[in-house]
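Accompanying notes for the structure given below.
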Amino acid sequence: MVGTAALRYGLTGKTEIYARGSGQYSSSRSPTASMSDVRFLNTWVGASYQFKKDTETPALIGFFEEALFEQGKDSTYALKSWAAGLTAYKSIDPIVFVFSGYYGLNALRKDGVATIDPGNILALNPSVAFSVNDRVTLNAGVRWTNTWPRHTVKENKAKTTNNEDGKNNRNQRKQAPVVIGKPTPIYNLVWTTDSPIKTFLMRPFRRMSQALSGQP
């Protein structure tokens, strides 16, 4: 089980700063013993800015965030991951169309004696949400990600003879899972991350357009 706690603060009507931390709880049992483990996963800070409100054309929000600390298997590393992106959404009551994308930059990090390369990530996430009532929202979407890992060959220098320019080989991994949301109450429009896939949480649509436009 993974839990996340977040704190947000509005500097202005268009600018927000935020911080969040994630932790994990796991438990296992066997006929002779039981084990449980609680561990810290990561802490992120970031800022978002609303470039445009939802009017005749979609609203546009930009963001930038950085991982202060991340927990590996054997080590904790700091300031190794960054992400920046944009989100556009259009509300046509009771439906909201959302398109978001971000680019994640992940530096090499040492985890014990191993060198970990998460790779850089480009992610795109179109989705649609439908307001059943003022407490329940159904949402579904598709998330496409493309990862570029850097493959170093320090363990076997003989492999570098095949690369005359000395550049690292790069393989691309592409994924496009379908994401279907369960009926769940939706709250404020926020940008959250989970390793580092992003999801959106939106307040009920009948109140969201008023909240974004500043109406009572």
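Read-outs throughout are calculated quantities, based only on the coordinates presented, and are distinct from any laboratory measurement. Just so it is clear, the structure is predicted and the values come from calculations on it, not from any experiment. Don't worry about glycine lacking a Cβ; one is built from the backbone with ideal geometry, like all the others, and counts go over all protein chains shown.
Some notes on this structure:
- Alpha-carbon centroids, region 1-78 and region 92-126: separation in whole Å: 12
- Pairs from the list Lys53/Lys90; Lys52/Lys90; Lys14/Lys80 with a Cα-Cα gap above 21 Å: Lys14/Lys80.
- Histogram of C-alpha separations across region 17-83, 10 Å bin width, %: 17, 30, 23, 17, 9, 3, 0
- Charge sum, other residues only, whose C-beta stays under 15 Å from Lys73's C-beta, Lys/Arg counted +1 and Asp/Glu -1: -1
- With the simple model of a label 7 Å out from the Cα in the direction of the Cβ, Asn133 to Met1 spans 2.7 nm.
- At 1.567 mPa s and 4 °C, Stokes diffusion of region 97-144 via Kirkwood alpha-carbon radius, µm² per second: 95
- Dipole moment magnitude, nearest 20 debye, region 18-132 about Cα centre, only Lys, Arg, Asp, Glu C-beta charged: 140
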